Amino acid sequence: MFQLSTSRRALTTYRKVISVGESRRRVAISIVMLLILSACYGAGFFFIKISLDGFSNLSSGSLRIMVAALTLLFLMSLTPHRFSLPRESHIPVLLNGAIFIGFPFLSLPWIVQHIPTSMVAIYYSMVPIFVLVLSRFVVGRHISASKWIGFLIGSAGISYLAVSQIGTTADDLSGEQFSWLVLLPHGVSVLSAVALAGGVVHMSTIKDFRPVQYQGYSLVVGSVLALPLFLFNAPVAFPGWIPIAGAVMAGLVTTGLGQALRGLLVKREGATFTARNGYLTPVVASILGLALLGETLTLAHGIGYSAVVAGLFISAQR
């Protein structure tokens with residue numbers, strides 16, 4: 001009896017060790033996936049920026065979506081489900097492709113023509129906080145006081161960054177020469193971040209969620225909207241190989257692989273974990289902007305990003 005009891009305890013201990021090892025391995029894989037996702041998204045601002053040397057805003061954004069759709073269709077063919085999509089995902093796919101993908105992806109090329117890529121990335125770093133807020137109103141998840149405080153701190157940092165970068169003061173805003181249209185790219189950036197957050201929350205509500213198929217067909221829907229925009233705005237002359245490479249890489253790496261990774265992470269770890277790529281995406285974008293685009297970082301960048309990170313940290317508390 002003593003030997004049998006000892007064997008059972010040893011087996012239980014062994015199972016616990018195996019379980020802990022598998023849990024750590026799962027977390028490590030998820031973190032690596034998150035880092036790759038952040039790199040894909042951070043590089044996207046650079047790719048889009050160089051594509052604009054040969055493409056218009058709409059043609060660059062449209063080409064990006066179409067290349068991404070082809071990439072996801074190829075990835076779909078490699079999965080066990082291939083091109084199968086559950087019936088209950090049809091309407092969500094239409095919504096995701098038209099709103100949560102179409103709007104932010106088509107507007108981004110226009111945004112980066114008016115705002116440095118490093119600043120746009122900081123706006124997009126608000127996505128995790130917007131995920132928390134939307135989770136409250138869409139999914140009904142309880143939002144604690146700390147999460148609301150984090151949201152307000154992050155929002156204050158973003159507002160400060162926008163105002164400081166356009167060089168406005170209270171007198172400027174009340175002057176006759178000031179045009180509120182200067183704020184438009186900043187507002188569109190924030191709305192794009194809200195749309196991206198909405199896409200993450202939207203995915204987390206689907207029961208039979210197939211990440212690659214869901215994202216692939218969403219991009220196909222986006223391509224239906226993007227194709228006529230591309231045809232009417234296609235460059236009349238050869239845009240050059242570098243702009244072409246930028247547009248293709250934005251579609252292949254940032255949107256194609258990025259969307260697939262995002263869907264896989266949402267299914268694997270949930271919307272909140274996936275949205276944390278917002279911590280690192282601005283860092284990657286800023287490094288590329290400084291090294292390759294000749295952009296500069298200001299004190300306002302540091303204050304704005306610090307406020308967002310502080311807001312993210314506080315909102316992550318229970």
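Looking across region 245-300, the residues that are farther than 30 Å from residue 139 by Cα, surrounded by fewer than 24 Cβ atoms within 10 Å (Cβ to Cβ) and among the small types (Gly, Ala, Ser) come down to 245, 286, 291, 294, 300.
Residues satisfying the criterion are absent from region 213-231 (criterion: on the phi > 0 side of the Ramachandran plot and either surrounded by fewer than 24 Cβ atoms within 10 Å (Cβ to Cβ) or part of a helix (DSSP H, G or I) (or both)). Out of 75, 52, I need the residue that is within 21 Å of the chain's Cα centre (by Cα), surrounded by fewer than 21 Cβ atoms within 10 Å (Cβ to Cβ) and under 29 Å from residue 114 (Cα atoms). Which one? Only one candidate passes the filter, namely 52. Listed conditions (1) buried (at least 20 other Cβ atoms within 10 Å of the Cβ); (2) at pLDDT below 75; (3) part of a loop (DSSP other than H, G, I, E, B); (4) not β-branched (Val, Ile, Thr) are all met by residue 239, apart from (2).
The values are calculated or read from the model by the stated rules, or taken from the named source; none is laboratory data. Computed from a predicted model, the values in this text were never measured in an experiment. Here the Cβ is made from the backbone with ideal geometry for all residues, glycine too, and neighbour counts use every protein chain on show.
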